[in-house]
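Quick notes on the structure that follows.
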Amino acid sequence: MITLDFTGKNAIVTGGGSGIAKAIALQLAEAGANVWIGEIVEKNAQATIDEMKKYQKSYGYTKTDVSKKEDVEAMFRDAKERFGKIDIVVNAAGVFAPVHFIEAGAEDIKRYLDINLMGVIYGCQIALREMIEQGGGGKIVNISSVGGRQGDPEFPYYALGKAGIINLTQSAAYCGAPHRINVNAVCPGIIRTPMWDTILKGMTGGDPNADYDKLFNDVLLARTPLGRAQTGDDIAYTVLFLCSRYTDEVTGQSWNVCGGSVMS
Ligand SMILES: NC(=O)c1ccc[n+]([C@@H]2O[C@H](COP(=O)([O-])OP(=O)(O)OC[C@H]3O[C@@H](n4cnc5c(N)ncnc54)[C@H](O)[C@@H]3O)[C@@H](O)[C@H]2O)c1
C-alpha cells in the first residue's frame, strides 16, 4: 500500500506564505516533515508556521528574497542549523505580471527573470551542493507552469522564465543523478491564488467594475477539459509524490497538473 510518510525528513519550501507553496508546506507538515519556509513576506511565513504547529514537528522561516543568492544561502544555512540535514527542497516562489513583449522595460523583464528563474537556479545550485556534501540522496521539485510550455502573447517574460525552469530542471537532474538526487518540476494550470488577482486586473485594464469571478470562470472553462480550476492541494499531492520514495526512478521530468489544458 502506498502511504506518504515524511517523518524524519527535513524540507525547505520557498514562497510558503501563500497559495500553492503554502499548500505544499502544509501537506508536507501533515505528512510528518519538518518544514522551513523561505518567504519575502514575513507575516505570511509566520501564519503558515502557526497553521503547521498542530502537526508538532519543527518549523521555521527565513525572510528570503529568492532573487538574491545571499538570501537563498542564508535560508539554507538557517534550515541546516535547525534540522542538521536537508532532504527535500521545493522552489515555488514566483511573481506574475502581464507585460507587452515590445514595451516591457529592461528593469521589469530582469525583475521577473531574477525572481522566477534565477531564484530557482539558486535554489537548485545550493540544494544540490548541500545534498552532495551530505553524502547524496534528496528530492528537489521546481514549480514551473503550463505557461512555460510555449510562448504567450500576454505574459511573454513569465512564460520565458517558466520555460527556463523546465530546461534547468533537466540539467540539474543530470548533475544530481550520480548522487541519487532527483530533480523534477511541476507545471500547474490555473489556481485561484492571489497571483490571479494580478492576472485578472491586467486582463481588464484594472476596471473596478469588472466581474472577476466570471472572467476567471470563462478563462478556465475555455482552456480546461476537466472543467474546474486546480487547487493548491491538487498541486501539492503531485509535489509530495515527487518528494517520496515512490518516484526514485523519476528525474528531469516536468509534470503538468492542469486539468488537461496542456497535453504535452
Ligand atoms: N496560480 C496559478 O494559476 C499558477 C499557475 C501556474 C504556476 N504557478 C506558479 O506557482 C507558484 C506559486 O504561485 P501562487 O499562485 O501560489 O502565487 P502566490 O502569489 O499566492 O504565492 C507566491 C508566494 O511567493 C512569494 N514571493 C514572491 N516573490 C518572492 C521573492 N522574491 N522571494 C521569496 N518569496 C517571494 C510571495 O510572497 C507569495 O507568498 C509561482 O511560481 C507561480 O508562478 C501559479
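Computed from the coordinates by the stated procedures, all read-outs in this text should not be read as laboratory data. Everything numeric here is computed off the predicted structure, so don't read it as measured data.
Which lysines, on any chain, are close to K162 with Cα under 17 Å apart, when same-chain ones fewer than 8 places away are left out?
K110
Pick from E154, E249, E30: which is most flexible by mean-square fluctuation in a GNM of the chain where alpha carbon atoms under 10 Å apart are linked?
E249
Explain nothing, just the number: relative contact order of segment 11-139, from Cα pairs under 8 Å at least 6 residues apart, as a whole percent.
25 percent
Mind checking which lysines have their Cα closer than 23 Å to the Cα of K43? Skip sequence neighbours fewer than 8 apart in that chain.
By straight Cα distance, K43 reaches K22, K53, K54, K57, K63, K68, K69, K80.
Using only helices, what value at 222 nm comes out for the chain when you add -39,500 (n - 2.57) per DSSP H run of length 4 or more and divide by the total residues, to the nearest 500 deg cm²/dmol?
Value at 222 nm, helices only, nearest 500: -13500 deg cm²/dmol.
Suppose the chain between T231 and Q253 were pulled fully straight at 0.36 nm per residue; how much longer would it get relative to their current alpha carbon spacing?
Gain on stretching T231 to Q253: 5.8 nm.
Out of N44, N184, N217, any idea which swings most in a Gaussian network model of the chain, alpha carbons joined below 10 Å?
N217
First obtain the Kirkwood hydrodynamic radius of segment 60-205 from its Cα pairs, then insert it into the Stokes-Einstein equation at 25 °C and 0.890 mPa s, and state the resulting D in µm² per second as a whole number.
Once the numbers are plugged in, D ends up at 153 µm²/s.
Using the Kirkwood radius over C-alpha pairs as Rh, can you work out the diffusion coefficient of segment 78-140 via Stokes-Einstein at 37 °C, viscosity 0.692 mPa s, in µm² per second?
It comes out at roughly 241 µm²/s.
When only C-alpha pairs under 8 Å and at least 6 residues apart count, what is the relative contact order of the chain, in percent?
Relative contact order, the chain: 19 percent.
Could you work out how far the C-alpha centroid of segment 216-252 sits from that of segment 170-189, in angstrom?
17 Å
Starting from the Cα-Cα distance between S264 and S171, subtract it from 0.36 nm times their residue separation and give me the gain in nm to one decimal.
That pair, S264 and S171, stretches by 31.5 nm at full extension.
What is the projected area of the convex hull of the Cα atoms of segment 206-264, averaged over all directions, in nm²?
5.7 nm²
Expected output is a single nm value to one decimal: the length gained when fully extending between E51 and R111, i.e. 0.36 nm times separation in residues minus the C-alpha distance. What is it?
18.5 nm
Would you compute the Debye intensity of the chain from its alpha-carbon atoms alone, equal scatterers and no solvent, and pass along log10 I(q)/I(0) at q = 0.15 Å⁻¹ to two decimals?
-1.07
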